[in-house]
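Participant: First the structure, then my questions, so here it is.
None of the figures in this text is laboratory data; all of them are computed from the coordinates on show. What you see is a predicted model, and the numbers here were worked out from it, not measured in a lab. Positions of Cβ are backbone-derived with ideal geometry, glycine not excepted, and every protein chain shown enters the neighbour counts.
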Amino acid sequence: MFDFDRIIERRGTHSSKWDNIAKLSGITAPDAIPMWVADMDFAAPPGVAEALTAEVNRGVHGYYADTGTWAEALAQWLKRRHGLAIDTAWVTPVPGIVAGLGMVLQALSEPGDEIVLFPPAYHAFRKIILANDRRILDAQLVNQQGRYAMDLEALGKLITPRTRIVFLCSPHNPGGTVWSPDELTALARFCAERNLYLASDEIHCDLIFSHAKHTPTLTAAPEIADRLVSCFAATKTFNLAGAHMGALVTSNAALRAKINARVAAANLTSLPSFGMIATEAAWRTGEEWLNQLLVYLEKNRDLFDAAIEKAAPGARSMRLDATYLAWVDFSGTGLSADDVAARVAQRARIFASPGQQFGPGGDGWLRFNLATPRPILNEALARLDAAFADLRG
Ligand SMILES: Cc1ncc(COP(=O)(O)O)c(C=O)c1O
């Protein structure tokens, strides 16, 4: 029903993914393929275009008011898709999840406090923590037979009296790990015992492959609701990164008041109407589109994994439970990280995200965004095959 094979030209459209390639990667080839930042090359669900078109046709674009229907659309989505019941009063809309995490940092910690990350982890976590003059405590994930696991025992030894908040990415980016209810409960217990807040970024929670099931942290560990802030968004799910709206959700009224005070201090209570309209329409109308997208992405994942491991003997692509962000360990190829990077960037003319960006544990890895029409994916795979051909003798 939806044509995910359709190539939509994005160059020259203020697309960060396509128009920033040369600036950010140094790859100047006009046919470079961007496989870095996490947005997709697919048209969003048609219900989004319809809602935006109706707004455009009205022609008047004044201040947006009453976030009630938006929060209700999110609540209904979470109930339907994840069995999670939230009260719409728990929802604080924010202009992007990273901005929202900045609000959480400001509301629940002080400059100089320590924030726990589980690297390799989404690089903007590091950026927002440092930009807010907090410090990072790295609790490196352990690669257990191709799947990440948290080492809470090791983390227990790192914690100090200045440690305040744990940033969890669930599902994890990169690596696509879907955390089990037991893992989430253990982390929740850890936070409760040490008086830490838990920020659970679940922006990727709808992009789950057929063998896996996402458990919201609030479902796995309702007993820590008072110290939990969950983050949800329609932007990754429905390819609306430019709409740049997300939600912070916490049932603790006192916590919410602190967060809302920071939001008010930046005057972020006044919300961009186009972002609100697009994301609400996506939650309300996008479910069948998402179901079909996931089938398409799963096939892209399977094609990519097989092709990269064949192209570069010794490379291992972590089996994704979730996300469209393939996470590939090239250390087994016998090549240096620089050599791998040069082959991918210069020979294959592909901009992938360098592993170091994700912190400890990322050296020698690259992250590839697979959410692109299959003709583009196939071209990328053919180029990767050629870029490593000499390794295959
Ligand atoms: C884990 C995670 N959180 C947040 C974001 C970005 O969210 P936003 O654009 O709403 O700030 C991303 C984008 O890739 C992400 O992977």
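Participant: State which residue is surrounded by the fewest Cβ atoms within 10 Å (Cβ to Cβ) when the search covers only the range 216-231 and only residues that are under 11 Å from Thr250 (Cα atoms) and within 16 Å of the ligand (Cβ to nearest atom).
Facilitator: The extreme case among them is Cys231.
Participant: Name the one entry in Thr237, Thr250 that is crowded, with 23+ Cβ neighbours inside 10 Å and away from the ligand (no atom under 15 Å from the Cβ).
Facilitator: Matching residue, one of Thr237, Thr250: Thr250.
Participant: On to the next question. What's the number of the only condition in (1) within 12 Å of the ligand (Cβ to nearest atom); (2) touching a helix residue (DSSP H, G or I) at 6+ places or on another chain (Cβ under 9 Å) that Pro181 fails to meet?
Facilitator: The failed condition is (1).
Participant: Only one residue in Leu24, Leu74, Leu52 is within 16 Å of the ligand (Cβ to nearest atom), more than 17 Å from Phe368 (Cα to Cα) and in a helix (DSSP H, G or I). Which one?
Facilitator: None of the other options fit; the residue is Leu74.
Participant: Then there is this: If a residue counts only when it is of a type outside the set (Lys, Arg) and within 16 Å of the ligand (Cβ to nearest atom), which strands (runs of 3 or more DSSP E) contained entirely in the range 81-148 have at least 3 such residues? Please lay out each step first, then the result.
Facilitator: Values: elements: 91-94, 114-117, 135-138, 142-144.
In the range 81-148, the matching strands (runs of 3 or more DSSP E) lie at 91-94, 114-117.
Participant: Report whether or not Glu280 is within 16 Å of the ligand (Cβ to nearest atom), closer than 30 Å to Ile224 by Cβ and of a type in the set (Asp, Glu).
Facilitator: yes
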